[in-house]
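Everything below concerns the one structure shown next.
The values are calculated or read from the model by the stated rules, or taken from the named source; none is laboratory data. Predicted model, so just to flag it, every value in this text is computed and none were measured. Methodologically, a virtual Cβ is constructed for each residue, glycine included, from the backbone with ideal geometry; neighbour enumeration extends over all protein chains shown.
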Amino acid sequence: MEMRSDLDSIGPFEERYKAFLETLTELRPNLHRYCARMTGSVLDGEDVVQEALFEAYRKLDRFDDRLPLKPWLYRIAHNRAIDFLRKRKVRNEAEAALGEPAPTPPLNPSLLNLAPAVERLVINLPPMERACVLLKDVFDYSLEETAEVVDSTVGGVKSALHKGRSKLARTPQTIRRQTLPNPQLAEVLRLYVESFNRRDWNAVRELIHADARLRITNLFAGRLEDRYFANFNMFPHPWQLSLGELDQEPVVFLLGGAIPEASPSAAIRLNLFDSQIDGIRHYARCPWLFTAAETMRFEEKSLLRNWSTVILRN
């Protein structure tokens, strides 16, 4: 069963929250980039960002507006990412050793060749080292700013940086995340796409759990209702769904629609429970997902043209 959160039960987002999200349009791609590298997944990273922004919205009345908003948001997002990693049980004892600052050699940024691939290799580091390397070496935060985001000291950040950089310098840059195939998910995805493209909504409903949840970026989070399918019938442009992969994770892409080009306009992630779809995450109006992804694949014959696309990013 898909894990529930406060965000999953609020229904349509209120206009005030949408306006708050609009003010963060320029900040959001980098915030997503940070969370994607922390979690090791562009989709998990977007989920973490959505949770973080909702938390920030609820705490706005406690925010001192004389202070810059960006560090505050990054700290909330960082904490959400750490919570996510704890739930996945991927934290290790190495981070605990960073609790007390220790004498460290002088920082040597040249130790680490920050090629684009290295940004993705930080997933191999313990979370504290991962966060410090990302913030300092990728996002160009100062030691003090990094310490504020990760709730540590400058000495603790220096220690994490030294350890993280040393490990990355010894890490082959050709590492790729390996994902195990899930035949059950693959079959449900195939049936979902085929039924959707036929506009056979009864067949689609048969694949979905009675208590399924839906989240649409910036618009809705709650119980799945028939209006979700009705909205597709109202699209003014030709569209279809396509099987695909985003950073090797099986997803469904929305092709066509408002973006009739050779690229998806949205990604859709399905969660299974007892062979049925328990959750749908519809990542709409999130171009930063595709920018941050290392690989994106889809192959489909479109209503508009013949599609056969493989996009690779190094």
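Could you check region 142-187 and list, in sequence order, the residues that are in a helix (DSSP H, G or I), at pLDDT below 95 and of a type in the set (A, V, I, L, M, F, W, C)?
Leu168, Ala169, Leu185, Ala186
Considering each of Asp140, Asp151 in turn, give the residue that is out of contact with any helix residue (DSSP H, G or I) (no Cβ under 9 Å at 6 or more places or on another chain), closer than 20 Å to Leu69 by Cα and assigned by TED's automatic domain parsing to the domain that holds Arg86.
Numbers: Asp151 fails: out of contact with any helix residue (DSSP H, G or I) (no Cβ under 9 Å at 6 or more places or on another chain).
Among Asp140, Asp151, only Asp140 is out of contact with any helix residue (DSSP H, G or I) (no Cβ under 9 Å at 6 or more places or on another chain), closer than 20 Å to Leu69 by Cα and assigned by TED's automatic domain parsing to the domain that holds Arg86.
Residues checked against (1) at pLDDT 90 or above; (2) outside the structural domain of Glu187 (by TED's automatic domain parsing); (3) farther than 24 Å from Glu22 by Cβ:
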{"residue": "Ala203", "(1), (2), (3)": "yes, no, yes"}
{"residue": "Gly222", "(1), (2), (3)": "yes, no, no"}
{"residue": "Asp247", "(1), (2), (3)": "yes, no, yes"}
{"residue": "Ile259", "(1), (2), (3)": "no, no, no"}
{"residue": "Ala266", "(1), (2), (3)": "yes, no, no"}
{"residue": "Asp274", "(1), (2), (3)": "no, no, yes"}
{"residue": "His282", "(1), (2), (3)": "yes, no, no"}
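Contact list please: Cβ distance under 8 Å, first residue in region 255-276 and over 16 Å from Val42 (Cβ atoms), second residue at pLDDT below 80 and among the hydroxyl-bearing types (Ser, Thr, Tyr), pairs at least six apart or on different chains.
Here the result reads Leu255/Ser302; Gly256/Ser302; Ala262/Thr309, each pair linking region 255-276 to a residue that is at pLDDT below 80 and among the hydroxyl-bearing types (Ser, Thr, Tyr).
What do you reckon, is Glu187 surrounded by 14 or more Cβ atoms within 10 Å (Cβ to Cβ) and acidic (Asp, Glu)?
Working: surrounded by 14 or more Cβ atoms within 10 Å (Cβ to Cβ): no; acidic (Asp, Glu): yes.
In short, no.
Here's a check for you: in region 1-21, which residue that is among the acidic types (Asp, Glu) and modelled with pLDDT under 90 is surrounded by the most Cβ atoms within 10 Å (Cβ to Cβ)?
Residue satisfying both the conditions and the ranking: Glu2.
Kindly establish whether Asp65 is in the same structural domain as Cys132 (by TED's automatic domain parsing) and not in a loop (DSSP other than H, G, I, E, B). Before the answer, list the steps.
Details: in the same structural domain as Cys132 (by TED's automatic domain parsing): yes; not in a loop (DSSP other than H, G, I, E, B): no.
Here the answer is no, as Asp65 does not meet what is asked.
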